[in-house]
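Notes to accompany the following structure.
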Amino acid sequence: MIERARENTRRLSSAVALHTGGFSEISPLVEGVSGGSGPFDAVFCLGNSLVHLLTDAELNGALTNFRSVLRPGGVLIVQVLNYERILSEKKELLGRREAGGMTFERRYAYHGETVTFTISRGGETESVTLRPLTQPMLEGACAAAGFREVESFGSLAMGVFDPAASTDLVMTAKRSTPI
């Protein structure tokens, strides 16, 4: 994705600084950008990425870093899959399709507090351990990291969140003002 962003930046002759790093590296990256051009109005964490953080400490560290680069009143927008629905259904086979003479399969295996996500493509298999974050878990973690006005939605279009039916959980939270 970074390479594609670089290509688009070149194609559009835009002056955009692109950096890669983990959740815990956001504050140092921002400090090094244009002499510390933050704080920012918004941080977006999309693509079900927070569920790769397997402990409370890792999640708190990420959310604290997000908060540190936001101005007071700045907004965090997080999108993860709706794990309340996923955990209630406990489907193992998420999908199978044929394309270009290859079979693609996506599967979950459930292990208490974690889920193993496996994708198989033409005989090759990759797996990753995920920590399903439910609405109450993510809401509590946001509050613990210093966010307020936490709201939940069922999509990026800000539709109503239904724990039993929504595909996604989208959460917005504001950075609290300094005391």
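The values are calculated or read from the model by the stated rules, or taken from the named source; none is laboratory data. What you are looking at is a predicted structure, and each value in this text was computed from that prediction instead of being measured. A quick note on method: Cβ atoms are made from the backbone with ideal geometry, for glycine too, and the neighbour counts reach across all protein chains shown. Only protein heavy atoms, including side chains, enter the accessible area calculation; ligands, DNA and RNA are left aside. Shrake-Rupley method; radii C 1.70, N 1.55, O 1.52, S 1.80 Å.
Quickly run through the range 79-134 and pick out the residues that are closer than 22 Å to Ala62 by Cβ and acidic (Asp, Glu).
Passing the criteria: Glu84, Glu113.
Out of the range 114-124, which residues are at pLDDT below 95 and either closer than 18 Å to Leu169 by Cα or assigned to a strand (DSSP E or B) (or both)?
Once the filter is applied, which keeps residues that are at pLDDT below 95 and either closer than 18 Å to Leu169 by Cα or assigned to a strand (DSSP E or B) (or both), the range 114-124 yields Ile119, Ser120, Arg121, Glu124.
Please specify each residue of the range 49-71 satisfying the condition of being basic (Lys, Arg) and more than 16 Å from the chain's Cα centre (by Cα).
Arg71
Just to be sure I understand, how many residues within the range 112-139 are more than 30 Å from Val150 (Cα to Cα) and under 21 Å from the mean Cα position of the chain (by Cα)?
Total satisfying the criteria: 4.
Considering only residues that are in contact (Cβ under 8 Å) with a residue 40 or more places away in the chain and over 20 Å from the mean Cα position of the chain (by Cα), look in the range 72-111 and name the one that is nearest to Ala165 (Cα to Cα). First the steps, then the outcome.
Here is the first cut: in the range 72-111, the residues in contact (Cβ under 8 Å) with a residue 40 or more places away in the chain are 72-88.
Next, from what is left, pick out any that are over 20 Å from the mean Cα position of the chain (by Cα): 72-73, 88.
Values: Pro72: 34, Gly73: 31, Ser88: 10 Å.
Among those that are in contact (Cβ under 8 Å) with a residue 40 or more places away in the chain and over 20 Å from the mean Cα position of the chain (by Cα), it is Ser88.
For residues that are assigned to a loop (DSSP other than H, G, I, E, B), within 17 Å of Ala42 (Cα to Cα) and open to solvent by 50 Å² or more (accessible area, probe 1.4 Å), tally how many sit in the range 130-177.
Within the range 130-177, residues that are assigned to a loop (DSSP other than H, G, I, E, B), within 17 Å of Ala42 (Cα to Cα) and open to solvent by 50 Å² or more (accessible area, probe 1.4 Å) number 4.
How many of the residues in the range 105-115 are touching a Gly at 6+ places or on another chain (Cβ under 8 Å) and open to solvent by less than 50 Å² (accessible area, probe 1.4 Å)?
1
Would you list the strands (runs of 3 or more DSSP E) that sit entirely within the range 1-103 and hold 1 or more residues that are of a type outside the set (A, V, I, L, M, F, W, C), modelled with pLDDT of 85 or more and surrounded by 13 or more Cβ atoms within 10 Å (Cβ to Cβ)?
By residue number, 70-81.
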